[in-house]
1. It is to be established whether one or more residues within the stretch B:31-42 are closer than 13 Å to B:A358 by Cβ and in contact with a helix residue (DSSP H, G or I) (Cβ under 7 Å, 6 or more places away or on another chain).
2. Of the residues in the stretch B:433-448, how many are farther than 26 Å from A:D3 by Cβ and facing another protein chain (nearest Cβ under 10 Å)?
3. Could you name every one of the helices (runs of 4 or more DSSP H) located completely within the stretch B:285-352 that has at least 2 residues being among the acidic types (D, E) and in contact with a helix residue (DSSP H, G or I) (Cβ under 6 Å, 6 or more places away or on another chain)?
4. If a residue counts only when it is more than 19 Å from the chain's Cα centre (by Cα), which helices (runs of 4 or more DSSP H) contained entirely in the stretch B:9-82 have at least 1 such residues?
5. What is the number of the single condition among (1) without any contact (Cβ under 8 Å) to a residue 40 or more places away in the chain; (2) within 30 Å of A:I5 (Cα to Cα); (3) aliphatic (A, V, I, L, M) that B:L376 does not meet?
6. Output the helices (runs of 4 or more DSSP H) that fall wholly within the stretch A:1-95 and possess 2 or more residues being under 30 Å from B:N186 (Cα atoms) and in contact (Cβ under 8 Å) with a residue 40 or more places away in the chain, or say none.
7. If you check B:R415 against the conditions, is it out of contact with any strand residue (DSSP E or B) (no Cβ under 6 Å at 6 or more places or on another chain), within 11 Å of another protein chain (Cβ to nearest Cβ), modelled with pLDDT of 85 or more and under 28 Å from B:T318 (Cβ atoms)?
8. Can you tell me which residues in the stretch A:12-32 are surrounded by 15 or more Cβ atoms within 10 Å (Cβ to Cβ) and under 20 Å from B:M177 (Cβ atoms)?
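The values are calculated or read from the model by the stated rules, or taken from the named source; none is laboratory data. Here the structure is a predicted model, which is why all the values come from computation and not from measurement. Cβ: placed from backbone, ideal geometry, glycine included. Neighbour counts: every protein chain shown.
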Amino acid sequence: MKDYIVGISGLGLSGYVFFASKAFQRLGSGLSEDPAYYPRILAGILAAMSIGLLIGALRKRNKIEVKFNRTLLINLGKFLGLLIVYILIIVPLGFIIATALFTFSMIWLLGGTRKQALVYALPISLLTYLLFSYLLKVPLPKGLLQFI
Amino acid sequence: MFDFSLYTAGLPLMGITTIIALIGGTLTGIVIGALPGLSAMMAVSILVPLTYGMTAEVAILMLLGVYCGANYGGSIAATLVNIPGTPSAVMTTLDAYPMAKNGQAGLAIGLATMSSAIGGFFSVIVLSMLSPLIARFALQFTSLEKLSIAIFGISVMAFISKGSTVKGLMAGIFGLMVASMGFDPNTSILRFNFGSIYLNSGVNFTAAMIGLFGMTEIMLSAEKKAKSVPDKQIEAVKNPFACFKYLRLSLGNLFRSSVIGVIVGAIPGAGGTIASIISYAQQKKLSKHPEKMGQGAVEGIVAAEAANNACTGGAMTTLLSLGIPGDAVTGILMGAFIIHGLQPGPNLFNTNYNLISAIFIGMFLINILILVLGLLGAPYFAKLLKFPRQLLNTVILVLCVVGTFGVQNSMFDVRVMVVFAIIGYIFTKLEVPRAPIVLALILGSMMEENLRRWLSLADGQYWAYFMECSRKTPIAPIILAITIFTLISPLFKKTKVFSEDALDEYEEINKKNS
């Protein structure tokens with residue numbers, strides 16, 4: 001099953017690269033002046049390997065078995081959801097608030113106790129802020145806390 | 001008379017800041033290496049952004065400390081929890097864990113420390129003697145040789161990674177495709193930018209690395225249940241100095257394993273894991289009591305740890321003299337060099353003589369630090385294993401995000417990082433190795449430039465020009481032949497001896513032990 005997915009995605013990617021590179025403007029006649037040449041070589045090799053992988057999988061008669069662990073998928077979804085929300089709120093809310101909220105929920109999600117989450121969220125956020133903005137001079141977004 | 005200036009020119013750079021950075025880096029490395037699930041690769045990729053404000057020599061030496069420290073630190077978790085703290089410590093678990101179960105955890109960590117430091121010392125000596133010679137030789141390389149070395153590196157990396165070689169190569173090609181995004185180097189025509197101006201100069205290397213090796217690792221480790229360490233074992237970590245009793249007995253083993261480590265480390269693509277597998281197997285063949293290996297034998301720990309730390313010098317040799325990273329971690333280190341405006345390769349010996357010298361001196365000091373910090377700090381590092389996992393993972397997630405943002409103060413890079421984390425996760429689930437992607441990302445632009453330079457020089461007469469180049473120096477055809485031979489060798493022989501697949505054999509011993 002895994003080999004089928006990898007093989008088909010590989011074919012898809014090489015097909016995309018091949019057709020997308022058609023649009024590249026060519027400036028000269030030599031191969032070295034053709035911006036599409038190199039990506040197309042890569043696409044060709046990738047396609048050949050994908051086909052090889054697919055043939056190998058067919059010959060092995062890999063049973064198509066689909067195993068999904070539901071709780072794992074749900075947790076993964078929560079994890080990614082949390083991460084995306086975090087990235088979206090960093091700029092409007094500012095780094096300190098966003099990170100405190102994120103660490104609070106992430107510690108909880110990863111199996112920590114509510115007490116741990118409450119105690120550690122703010123210190124982690126403040127320490128990282130201090131480390132990066134004062135020691136390493138990275139201008140982190142201030143958001144709602146413009147006055148600091 | 002010998003010219004010793006290469007070994008002393010770096011001394012003026014070793015100021016107080018550099019020394020502090022060295023100690024801090026090595027300590028951080030050991031700590032990260034000691035925690036299971038946090039690898040050297042992750043440590044270096046997350047810490048690269050922290051070095052932006054530093055001068056080049058401070059930054060590089062700190063990261064080298066992290067690299068070598070993490071390589072050693074892996075043995076601590078291997079001893080106490082039977083989980084390699086970093087992948088390369090996998091062979092150490094076989095003997096160190098049974099020894100710890102017998103109540104000799106201190107001795108096991110001591111032996112690992114001593115062997116790591118000696119292996120490391122040996123490799124630095126080889127590095128400092130060989131790399132100037134190889135660099136002088138490599139200065140003559142033309143585009144064809146550079147191209148073939150890059151192809152060789154990516155292929156070997158794909159071959160060595162656990163699982164199918166074809167999938168490894170596909171991962172490499174994927175990396176090369178990603179590296180070709182943005183302006184075409186020859187004609188400045190935009191390629192694959194998906195309509196975003198942020199991708200005009202391609203994908204940010206550091207962001208991709210942090211995604212692939214920082215965040216993906218956390219996603220994978222959050223799935224597993226953390227193994228708890230019995231307090232008894234942690235308390236048993238005392239008197240690591242007892243290891244010196246075994247020093248004289250193990251001299252031959254130490255030397256042999258270090259040589260294996262350096263050689264394997266110097267092969268582009270092969271790293272500590274392979275080195276320790278080979279030296280362990282070698283020791284088992286030569287041992288007077290092979291049946292005791294895997295049950296807490298001193299020689300097993302010595303062979304595995306000396307080899308995996310000797311790899312560091314070998315991997316740095318190819319990085320400094322050829323500009324080709326010896327393994328995935330040095331690949332990320334190469335990224336750090338570039339960020340600080342340095343291009344690793346033979347020219348570095350002319351342009352940054354002092355820095356090269358400082359790297360030799362620094363790596364020497366790092367191995368002394370490993371010995372001192374390891375022996376004195378063993379009981380404290382052991383306590384780290386008690387640190388709550390969810391807190392650690394959350395802190396690392398935040399560091400991944402801020403670190404990536406800090407590269408060029410861009411939220412776009414953070415999104416790129418998350419995309420690569422998801423790619424890394426999917427790849428791992430589909431059993432496609434991630435390591436070839438690093439090498440491909442870092443070597444991609446060099447490969448394309450050299451390929452096209454060669455094509456334009458050939459001017460249509462490709463085969464004739466290839467023959468002409470080969471007549472001048474046969475290096476390129478030889479390297480290409482070795483590459484092809486490596487890739488088709490599994491067709492003739494069933495088992496891949498020189499690959500991480502050899503690990504399966506040892507996994508059973510490991511199961512028995514725990």
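1. No, there is no match, as no residue in the stretch B:31-42 is closer than 13 Å to B:A358 by Cβ and in contact with a helix residue (DSSP H, G or I) (Cβ under 7 Å, 6 or more places away or on another chain).
2. Residues in the stretch B:433-448 being farther than 26 Å from A:D3 by Cβ and facing another protein chain (nearest Cβ under 10 Å): 2 in total.
3. Per the criteria, B:298-322.
4. B:16-34, B:56-81
5. In the conditions (1) without any contact (Cβ under 8 Å) to a residue 40 or more places away in the chain; (2) within 30 Å of A:I5 (Cα to Cα); (3) aliphatic (A, V, I, L, M), B:L376 misses (2) alone.
6. The helices (runs of 4 or more DSSP H) meeting that bar are A:2-20.
7. no
8. Those that are surrounded by 15 or more Cβ atoms within 10 Å (Cβ to Cβ) and under 20 Å from B:M177 (Cβ atoms): A:L13, A:S14, A:V17, A:F18, A:A20, A:S21, A:F24, A:L31, A:S32.
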